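None of the figures in this text is laboratory data; all of them are computed from the coordinates on show. Fair warning: this is a prediction, and the values are worked out from it, not measured in the lab. Heads up, the Cβs are rebuilt from the backbone with ideal geometry, glycines too, and the neighbour counts pull from every protein chain shown.
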Amino acid sequence: MAVDALDAKILRLLLEQPRTSVREYARLLGVARGTLQARLDRLERDGVITGTGPRLSPAALGHPVLAFVQIEVTQGHLDDVGDALAEVPEIIEAFSITGGGDLLTRVVARDAGHLEDVVQRLIQLPGVVRTRTEIALRQHVPYRMLPLVDAVGAQAGHQR
């Protein structure tokens, strides 16, 4: 799905001002409300916009420890382990990966002891061979999309 310069401007506004109304976005961009709504609908339908809810802080929810747990899985059990991971509330993301492991999870915990409990729970899942845990010390680049949106918009502007 190609994102053009107007789409990039819309996405930038959504990221910078997520609580603004469609009418106000249209006014700020100088386009008709119907045009803006059609663009938003297409961006959602095409999977560019994947959600509109708030981003929450695990630390503010009492889970300040962030770790990345790599999981090695017995061949043929990747889907089963993936399904089991979805039942562990402290796992906030999980990806199948290439390299030394099979799955990479992002895990949050209240403290080091709680993290150990979560890892022990993972080790006991059928199909899990071993885990490797790395604790994040400090976040240097927070989750962000704006620089990518700007780069895509600039590229779309140059391709005209």
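Summary table
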item: Residue within the stretch 16-26 that is of a type in the set (A, V, I, L, M, F, W, C) and more than 16 Å from Leu146 (Cβ to Cβ) present; result: yes
item: Meets criteria (part of a loop (DSSP other than H, G, I, E, B), surrounded by fewer than 17 Cβ atoms within 10 Å (Cβ to Cβ) and touching a helix residue (DSSP H, G or I) at 6+ places or on another chain (Cβ under 8 Å)) for Ala2; result: yes
item: Hey, Asp102 more than 18 Å from the chain's Cα centre (by Cα), buried (at least 18 other Cβ atoms within 10 Å of the Cβ), of a type in the set (Asp, Glu) and at negative phi or not; result: yes
item: Enumeration of residues in the stretch 25-81 that are buried (at least 16 other Cβ atoms within 10 Å of the Cβ), over 17 Å from the mean Cα position of the chain (by Cα) and more than 16 Å from Leu11 (Cα to Cα); result: His63, Val65, Gln70, Ile71, Val73, His77, Val81
item: Residues of the stretch 116-132 classified as in contact with a helix residue (DSSP H, G or I) (Cβ under 9 Å, 6 or more places away or on another chain) and surrounded by 16 or more Cβ atoms within 10 Å (Cβ to Cβ), total; result: 5
